[in-house]
Amino acid sequence: MLPVALGLISLLPSAFAELRNFDLNIVSTPLAPDGFERSVIAPNGTYPGPTFMVNKGDSVDIAMHNQLVDPSMRRSTSIHWHGFFQARTSYADGPAFVNQCPIPPNTTFHYAFDTAGQTGNYWYHSHLSTQYCDGLRGAFAVYDPEDPLGDLYDVDDETTIITLSDWYHVVAPEAQADFFQSGTVPIPDSGLINGVGRYVGGPEVPYAVINVEQGKRYRFRVFALSCRPFFTWSIDNHNLTVMELDGVEHDPVTVQNVDIYAAQRFSAVVEANQPVDNYWMRAPPTGGVGGAAGNPNFNPNLTLAIVRYAGAPDAEPTSNNTGILGIKLDDANMHPIASENPGKLGSGPPDIFFELNIAQPNPPFFDINNISYISPTLPVLLQILSGAAQPQDFLPSDQILLITPNATIEVSIPGTGAHPFHLHGHNFDVIRQPNSNVTNFVNPPRRDVTPINGGNTTFRFKADNPGAWFLHCHIDWHLEAGLAVVFAESPSLNLEGSPFAQTTPKDWEDLCPDYNALAPELQ
């Protein structure tokens, strides 16, 4: 038996932890977030899906009921609980063919996991093909009643949840087929804030309204539920004090706008210190979305919401002092708070180093180190639990990277393209930012998604969480085109008899035979 001194992630319960039970019905239903009605894959019938709100230390049991019936979209599904480490519950991480087989229609599957002391902003989304672009996305917030930065704000509740997303009038399977044929990444028809927006020539759908009271300080939790673009978020006439990135609190930094890439999250404190009025919240999607030249429906500047002070008229704002012209957040200036142990991975040489070179020799498909990711037929976690332990044991072996217990892992990804890379099962210290020659081992920002946007972006993490963990571009169209690898972490520690053995419930074990027995149109 291995000693606890290995330093692997612990599952010690909080004294105030609760088991929270939820039901999540995945249905297909007509919705019109931007005024254009289409069939949507909608958690509990809404877009975005319901926001999960729990407290630090809580565990969850989410009964997911697959009730999908629309043949124009994928009918099986899987859900990733983005940002949660899933120690000993790698089965519940969600990526199809990495951690599980997809969940067939008319099936209930339980995602049961411990939030294990993590706090801050997370989210959930389908992790089967490009299915989440059809609507299976939502926010997940973990509140800390004893937040170390709690003295910065007065209000932090369901009214300060802000979701940003791109929206498509064409179903994802059709958009994906067009992408593979033309090589042009799908361009959204609109951008949404809190699930509503407008497109060129469409109806004037009422914008979301965020109500505030003059003199109070608000912790806005901002989630990029994006399939492709990044957003530049600001509120006219107001400063933004950023104090959290991807679930990790950082020393506060005050700016006027923040670029938030697909799958990233942050918290920003905004003081309602302006005259009583209405103010625009702006989040124009950018990053390769070609405007009218690529999709005549799309105008990024229609991605708006209204911040309404108590006492202001029920009217759209006339403010035009956009924060987009002010100081932009630079991640390099963000440093984890002292209790997060900044720089904990040290400055010594890493135990294992990977350089991942992105190429596109056969557009629209991507390679990493000359290999384009293709989902295995047998989930990587199931391969590990079946005894795969060496690179040659895995199928396909050339896209699965083996890492060993408690090793310091360094990953360097040269290149451009604004690819937001996400690591499952961990967060990481970004020791070298895009387009920078500065290496910071002392107090680098810590998060779980970082853009590969020029130069030689480099991050480090500790192999302290056995399991099967995806590393991929979070532009969903790019992931489907092969921009991914999988880490097989500490294979032997996942097995029965290890103190870190994986939990594998019966409904998980049934997924692969049930899915493989489906007719193709039900997959």
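The values are calculated or read from the model by the stated rules, or taken from the named source; none is laboratory data. These numbers were taken from a predicted model, which means no experiment stands behind them. Backbone-built Cβ (ideal geometry, glycine too); neighbour counts: all protein chains shown. We work out accessible area using only protein heavy atoms, side chains counted, and drop any ligands, DNA or RNA first. Shrake-Rupley method; radii C 1.70, N 1.55, O 1.52, S 1.80 Å.
Listed here are the residues, each with its yes/no results for (1) assigned to a loop (DSSP other than H, G, I, E, B); (2) open to solvent by 10 Å² or more (accessible area, probe 1.4 Å); (3) modelled with pLDDT of 95 or more.
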| position | (1), (2), (3) |
| --- | --- |
| Asn406 | yes, yes, yes |
| Ile413 | no, no, yes |
| Phe421 | no, no, yes |
| Ser436 | yes, yes, no |
| Phe459 | no, no, yes |
| Leu479 | no, yes, yes |
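Among the criteria (1) of a type in the set (Val, Ile, Thr); (2) farther than 30 Å from Pro148 by Cα; (3) in a strand (DSSP E or B), the one Thr318 does not fulfil is (3). Can Ala263 be described as on the phi > 0 side of the Ramachandran plot and open to solvent by less than 20 Å² (accessible area, probe 1.4 Å)? Spelling it out, Ala263 is indeed on the phi > 0 side of the Ramachandran plot and open to solvent by less than 20 Å² (accessible area, probe 1.4 Å).
Residue by residue, here is whether (1) under 20 Å from Asn44 (Cβ atoms); (2) modelled with pLDDT of 95 or more; (3) crowded, with 21+ Cβ neighbours inside 10 Å holds:
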{"residue": "Leu128", "(1), (2), (3)": "yes, yes, yes"}
{"residue": "Gly138", "(1), (2), (3)": "yes, yes, yes"}
{"residue": "Tyr143", "(1), (2), (3)": "no, yes, no"}
{"residue": "Asp154", "(1), (2), (3)": "no, yes, no"}
{"residue": "Thr159", "(1), (2), (3)": "yes, yes, no"}
{"residue": "Asp166", "(1), (2), (3)": "no, yes, yes"}
{"residue": "His169", "(1), (2), (3)": "no, yes, no"}
{"residue": "Phe180", "(1), (2), (3)": "no, yes, no"}
{"residue": "Val205", "(1), (2), (3)": "no, yes, no"}
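Summed over region 193-222, residues that are of a type in the set (Ser, Thr, Tyr), touching a Phe, Trp or Tyr at 6+ places or on another chain (Cβ under 7 Å) and over 23 Å from Val170 (Cβ atoms) total 1.
Within region 372-390, the set of residues being open to solvent by less than 60 Å² (accessible area, probe 1.4 Å) and more than 26 Å from the chain's Cα centre (by Cα) comprises Leu385, Gly387, Ala388, Ala389. For Asp448, the stated conditions hold: it is of a type in the set (D, E, K, R) and crowded, with 23+ Cβ neighbours inside 10 Å. Within region 124-160, how many residues are among the polar types (S, T, N, Q) and outside any helix (DSSP H, G or I)? The number of residues fulfilling the criteria is 3.
Filter region 351-368 down to residues that are in contact (Cβ under 8 Å) with a residue 24 or more places away in the chain and open to solvent by 40 Å² or more (accessible area, probe 1.4 Å) and give me whichever is farthest from the chain's Cα centre (by Cα). Within region 351-368, the match that is farthest from the chain's Cα centre (by Cα) is Asp351.
Residue by residue, here is whether (1) of a type in the set (Ser, Thr, Tyr); (2) under 26 Å from Leu136 (Cβ atoms) holds:
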position: Ala262; (1), (2): no, yes
position: Thr303; (1), (2): yes, yes
position: Ala315; (1), (2): no, no
position: Asn320; (1), (2): no, no
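Of the strands (runs of 3 or more DSSP E) entirely within region 14-111, those holding at least 1 residues that are at pLDDT 95 or above, in contact with a helix residue (DSSP H, G or I) (Cβ under 6 Å, 6 or more places away or on another chain) and of a type in the set (Val, Ile, Thr) occupy 38-43. Whenever a residue of region 120-138 is closer than 11 Å to Phe223 by Cβ, its partners that are open to solvent by less than 10 Å² (accessible area, probe 1.4 Å) and part of a helix (DSSP H, G or I), lying with C-beta atoms within less than 6 angstrom and at least six residues away or across chains, give the pairs His125/Tyr132.
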